[in-house]
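First comes the structure, then the notes that go with it.
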Amino acid sequence: MDEVDPLRMALATDRLGYEVVILTLRLRAEDPDLDELEWLAEETAELRDRVDALVLPGCQLEAEDPGALRRAIPRVRPLVYYLAVGGGRPGINRAALGDTRVDALSHPERGNPHAGLGKHELELAREKRTYVEIDLARLLRRSGERLAWQVSRLRDLLRMRRRKRFPLTVALGARDPLELLPARQLEDVLDLLGLSEGEAREALVEAPRELLRWNVACKHVFVVPGVAVVGHG
Amino acid sequence: MVRLTSTLRPRWRYIAFKVWSERLERLDFDGARDLVLRALRDVLGPVGMGKVRPWLMRWDEGLRAGILRVERGRESRARAALSLYRRDPELGRVFLEVLGTSGTVKGAERFLSRVPRWDVERVGDRSFWIYENGEVDVVEEGRVVAYTSYEDPEPEG
């Protein structure tokens, strides 16, 4: 979404039938641009009159060093309704899963020949209620053999989820309207990947609702200009 | 040709779909058929595609939308395959949006009427595809270069 105007993304998701849309900015944890994030929060606040879907600001932090990630989280957290961390490295995966202020760890499998989560990480995810996010964009941008590898890693993640029951959610990760999918098609993709109907519903509907309810009700207070204060800790 | 009794005849489902793509080249019936078959073969493989038994029934070149017939019980796989196909050698980045699935061709045709309408305005080398809900595609040399939106100017006074 960095190259597309937020209203266009909101209109496109609204047309495809989504109720709640989170527009996320991808920021480097070493040097997060908070002005950009405040701009996004103001933009999403203005969108509420234009689209029926509820549009909220979010952020995905990309970090190379767990220390930088820990420093960036408290700065970014009050500005967004959804905070994800782009995973892959073992240290980052662990730091993200162990922090209750992080909502989700995205693509923990990046750069790994497996799901990227060990026994310790799974315990952390369960204990701290940090969601593991399947980033579908990583699937949709691939084809042929690379798509097959990505599917095998997701199957690995699903196998672990069935054994250990850690919280799981799915994000589209679309950068422009061509990467979007209607919700019904999303269910079909998850079905093809091997998720049961119940698992797909849990990841697509119940998990995001629970996340937002939790953030609004008791976890954080939102005082960004243009964003209403919707809950107090 | 032997005419099969109704119990022996295969059962079909009809998927209405629309093609969104980065390159806006003319897409006729043969082109659309090849695109759909490429999508199914790329994601499901030849055997998976054979099981789906795809057949392009209708194609509206103006809307860039059509109706695909598939075997009943396999429509979910077909829809997922269309969703996962994102890069085409002829059209660049693509998005095959499934508008709906029906048990009859007439039912599927109703979904085609829901495709958003658009107007094209040309300014110099650029053209602007303005959709009815406020979405705007900026096109240069037959290729979408920006996705933006249109806001109604506020009434004066």
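The values are calculated or read from the model by the stated rules, or taken from the named source; none is laboratory data. Here the structure is a predicted model, which means the values were calculated and not measured. Ideal geometry is used to build each Cβ from the backbone, glycine not excepted, and the neighbour counts take in all protein chains shown.
Considering only residues that are touching a His at 6+ places or on another chain (Cβ under 7 Å) and under 20 Å from A:D103 (Cβ atoms), look in the range A:115-158 and name the one that is nearest to the other protein chains (Cβ to nearest Cβ).
A:R138
What are the residue pairs meeting all of these: first residue in the range B:89-112, first residue more than 13 Å from every other protein chain (Cβ to nearest Cβ), second residue assigned to a helix (DSSP H, G or I), Cβ atoms under 8 Å, and 6 or more apart or on different chains?
Hits for this filter: B:E90/B:G31; B:E90/B:L35; B:S102/B:A108; B:S102/B:R110; B:S102/B:F111.
Examine the range A:163-175 for a residue that is within 21 Å of B:S76 (Cα to Cα) and within 14 Å of chain B (Cβ to nearest Cβ), and state whether such a residue exists.
Checked the range A:163-175: at least one residue is within 21 Å of B:S76 (Cα to Cα) and within 14 Å of chain B (Cβ to nearest Cβ).
Across the range B:32-57, what is the number of residues that are outside any helix (DSSP H, G or I) and touching a residue at least 40 places away in the same chain (Cβ under 8 Å)?
The first filter runs over the range B:32-57 and keeps only residues outside any helix (DSSP H, G or I), leaving B:53-57.
Narrowing further to those that are touching a residue at least 40 places away in the same chain (Cβ under 8 Å): B:53, B:57.
Adding up the residues that qualify gives 2.
Out of curiosity, is A:A41 among the hydrophobic types (A, V, I, L, M, F, W, C), in contact (Cβ under 8 Å) with a residue 60 or more places away in the chain and farther than 17 Å from A:A171 by Cβ?
Details: among the hydrophobic types (A, V, I, L, M, F, W, C): yes; in contact (Cβ under 8 Å) with a residue 60 or more places away in the chain: yes; farther than 17 Å from A:A171 by Cβ: yes.
The answer is yes for A:A41.
B:T5: modelled with pLDDT under 95 and of a type in the set (S, T, N, Q), yes or no?
For B:T5, the condition - modelled with pLDDT under 95 and of a type in the set (S, T, N, Q) - is met.
Out of the range B:71-88, which residues are more than 7 Å from every other protein chain (Cβ to nearest Cβ) and among the aliphatic types (A, V, I, L, M)?
Passing the criteria: B:A78, B:A81, B:L82.
A:P90 passes all but one of (1) out of contact with any strand residue (DSSP E or B) (no Cβ under 9 Å at 6 or more places or on another chain); (2) touching a residue at least 60 places away in the same chain (Cβ under 8 Å); which number fails?
A:P90 satisfies every listed condition except (2).
Kindly indicate whether A:E133 is in contact with a helix residue (DSSP H, G or I) (Cβ under 6 Å, 6 or more places away or on another chain), buried (at least 18 other Cβ atoms within 10 Å of the Cβ), touching a residue at least 40 places away in the same chain (Cβ under 8 Å) and outside any helix (DSSP H, G or I).
no
Yes or no: the range B:7-29 includes at least one residue that is surrounded by 10 or more Cβ atoms within 10 Å (Cβ to Cβ), in a helix (DSSP H, G or I) and not aliphatic (A, V, I, L, M).
Yes: the range B:7-29 contains one or more residues that are surrounded by 10 or more Cβ atoms within 10 Å (Cβ to Cβ), in a helix (DSSP H, G or I) and not aliphatic (A, V, I, L, M).
Go through the range B:64-138 and tell me which strands (runs of 3 or more DSSP E), entirely inside it, have 1 or more residues that are buried (at least 17 other Cβ atoms within 10 Å of the Cβ), in contact with a Leu (Cβ under 9 Å, 6 or more places away or on another chain) and not assigned by TED's automatic domain parsing to the domain that holds B:G48. Spell out how you get there, then give the answer.
Numbers: elements: B:65-71, B:92-102, B:118-123, B:126-131.
Output list reads B:126-131.
Of these, A:G111, A:G198, A:G116, A:G173, which one is part of a loop (DSSP other than H, G, I, E, B), small (G, A, S) and surrounded by fewer than 21 Cβ atoms within 10 Å (Cβ to Cβ)?
A:G111
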